Amino acid sequence: MSQMPQPTALSRCPSCEEPLDAADRFCGACGYDLSTVSAPPPDHPTIAMNGTAAGPPPAAPSTDWPLAHETGGTDTPAPVHRAADIPGTDSGGSELPHPEHPEHPEHPEQDPAAVRPAAARRTAGQPSGVRFDRPSEPDEYPLAPPADGPDRAVPADPRTGDLPVPPAGAKLCVACRAGQVDTDGYCENCGHAQPRERDHMEQELGAVAAVSDRGLRHHRNEDAFAISSTALPDGSPVVVAIVCDGVSSATRPDEASLAASLAANESLLAALPLGTHPQQAMHEAIVAASEAVNALAGPSTAQGEHAPHVNAPACTIVGAIVTSSLLIVGWVGDSRVYWVPVDRSSLPARLTEDDSWAAQMVAAGLMNEAEAYADERAHAITGWLGADAYELEPHTVSFKPDRPGVVVVCTDGLWNYAESAEEMAEAVPLDAAERPLHSAQVLVGHALDGGGHDNVTVAVLPFPAPSQGAGSA
C-alpha cells in the first residue's frame, strides 16, 4: 500500500543548509524534497565475532573546549572562537603551534604558515577543502604572435623540425618524405606503413617490358615475373619473359612465384647462349622452376606417404622466348600467352591451353567453353608447380609467325577481363610493338578498371626480336 510522505525531523536542508521547521516537507530555499531523506538508523550494539555482545565503545578522548562568555544582553552576540584558536596535534601526535606563537621548539626551521592547521590558512570567502598553498597562476596566458612579420620566425614543422638527417642511401617515407623507413617497413617519423616492393613493379629492357600490380582486393602481390635478353651462338637476339602466379590456397605463394620465375630465367640465360634449342631450353627451365618451388616445402608439411607435402608452396608458370624467327611458349597452370599481330586486320590467337577444370570439361566434350567458364569450378587448376603436384607435365609449343606482332604473357588477373583473343587484342594499344612498357601499363590498368579482383601481371614482347635487344641482362 502507498504511504503519505511524513514530515522530516531535519533541522537543516541537506542540499543548501537552509534552516528547516519540523513540519517542512520541502526546503523553502532550494525546493529539496525532504521526504526522500531517510531517518537515521537506530543504534545497534556491535556483535562480536564469537556471538557475544560487545561492550560499550571506548569513550572518545575529551577536548578542552574553551567556555563561551555569557552575553551581557539579548542584543550582544556571543564571541566567536576560531578553529585556529583551539590547540591540536599533527598526524604524528605533536602539538601544533599556536598562531600567536608560530615558533615551535621542535620545528624551528619550518615556515609558520606551513605548519598551521588548514583552517588557519583560510581567508574570507574561501571554502574549506581547497588548497591555497600552490603557486599563483596568471589570469591569462599569452599566445604566440602570428608569423606574419619579417622579424617573426615561422615555427618549425613538428614532423620534420628535429629529425636527424637520414644517412645516404636510406629509404625515405613516401608519406612525409622526411622520416627514415625502419626494417619493419614503417616510417620512424610519422609511422606510415610503406608500400611493399612487390605491390607494384615495372621493368623494361628495350625489347621487352613487364608490369605487376597487387590489384584492388588482395592484401599482397603473389605474382612474380622475370624478363631478360641475351644472344644465341650465331649472335642473333633472343628475348625472354617468365610470369608466375602464386596459388593463394597454398602456403607462401609469393615465395613460390618468385623462386620459380628466377630459376626459370636463370636456366634460359644459361642454356640459350650455348645453342640449346629454345623449345628444349623452355622445357628445362620449367623443370628448374619446379625444383626451386619444391625446395621451399619443409618437412613439417609431411602428412603421409601419398601426400608428402600437403599445402606446400605452389604457383603456375608461363613463359615466352622470342627470336628473330621463332616464338616458343611453355606453361604449367592457367596463366596464358596471346598473339596480337601488328596488322589488326589479321586474327589474334591464344597460344596456350589452361590446366584447369574448365579446359578439361571442354576437351572432354562435356561442356562448351561458355558453359565451362561460367561454372564456379572453372578456375580450379589441374596443373601447378609444387611439392604436392601429382605429376609435372610442362607444355611447350613452337611457332613461326609470318608477320610482326606482339606477344602478351599474363596471369588470369588480366585475362579474366579480356578472355578471348579478340578481347585481348582490343585492349592492347596499337603501338604496343614500339612501346611495350606503356602497353603493359595500359593492360594492367584495364584489369584494375574492370575490378582488380586478383593480382595482375603482364609482359609484352614485340616479334621478331629487334637486334638492339641483344646483350645479356
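Could you order the peptides 187-200, 328-341, 277-290 from most to least packed, using the average number of other C-beta atoms within 10 Å per residue? It would help to have the intermediate numbers written out before the result.
Working: 187-200: 15.0, 328-341: 25.1, 277-290: 21.2.
Top to bottom by mean Cβ count within 10 Å: 328-341, 277-290, 187-200.
Over the Cα atoms, compute the radius of gyration (one decimal) and Dmax (the largest Cα-Cα distance, rounded to a whole number) for the stretch 164-261, in Å.
Just the Cα atoms of the stretch 164-261 yield Rg and Dmax of 17.7, 56 Å.
Would you please put 344-352, 443-451 in order of how densely packed they are, using the mean number of other Cβ atoms within 10 angstrom per residue and starting with the highest?
Order by mean packing, descending: 443-451, 344-352.
Leaving out ligands and nucleic acids, and using a 1.4 Å probe, what accessible area per residue does the stretch 335-440 come to in Å²?
49 Å²
Can you sort 353, 202 by solvent-accessible area, 1.4 Å probe, largest first?
353, 202
How large is the translational diffusion coefficient of the stretch 194-319 in µm² per second when you combine the Kirkwood radius over alpha carbon pairs with Stokes-Einstein at 20 °C and 1.002 mPa s? If you can, show how the numbers build up before the last one.
Working: Rh = 15.6 Å.
Here the translational diffusion coefficient equals 138 µm²/s.
Fully extended, how many nm does the chain gain between residue 467 and residue 403 (0.36 nm per residue separation, minus their Cα-Cα distance)?
21.4 nm
Keeping every protein chain present and rolling a 1.4 Å probe, give me the accessible area per residue for the stretch 193-268 in Å².
39 Å²
FRET efficiency for residue 200 and residue 180, Cβ-Cβ distance as r, R0 = 22 Å, nearest 0.05?
Numbers: r = 22 Å, r/R0 = 0.99.
Computed FRET efficiency for residue 200 and residue 180: 0.50.
Quick one: length gained pulling residue 193 to residue 325 fully straight, 0.36 nm per residue minus the C-alpha distance? Don't skip to the end; give the middle numbers.
On the way: separation 132, 0.36 × 132 = 47.52 nm, distance 4.75 nm.
Taking 0.36 nm per residue and subtracting the Cα distance, the gain is 42.8 nm.
Percent of accessible area on the stretch 192-244 owned by carbon and sulfur, 1.4 Å probe?
That share works out to 48 percent.
How much accessible surface does residue 249 have with a 1.4 Å probe, in Å² rounded to 10?
It works out to around 100 Å².
With every protein chain present, what accessible area does residue 385 have (1.4 Å probe, heavy atoms only), rounded to the nearest 10 Å²?
Using a 1.4 Å probe on the heavy atoms, I get roughly 0 Å².
Filter the GluC sites (Glu not before Pro) in the stretch 355-424 to those in DSSP coil with at most 10 other Cβ atoms within 10 Å of their Cβ, and list the result.
376, 391
Mind putting a number on the dipole of the stretch 364-410 about its Cα centre? Charges go on the C-beta only, +1 for Lys and Arg and -1 for Asp and Glu, and I need it in Debye to the nearest 20.
320 debye
The values are calculated or read from the model by the stated rules, or taken from the named source; none is laboratory data. Since we're looking at a predicted model, the values are computed, not measured. With ideal geometry, Cβ positions are generated from the backbone for all residues, glycine too; neighbour counts draw on all protein chains shown. The area values use the complete protein model at the heavy-atom level, side chains included, leaving out ligands, DNA and RNA. Shrake-Rupley method; radii C 1.70, N 1.55, O 1.52, S 1.80 Å.
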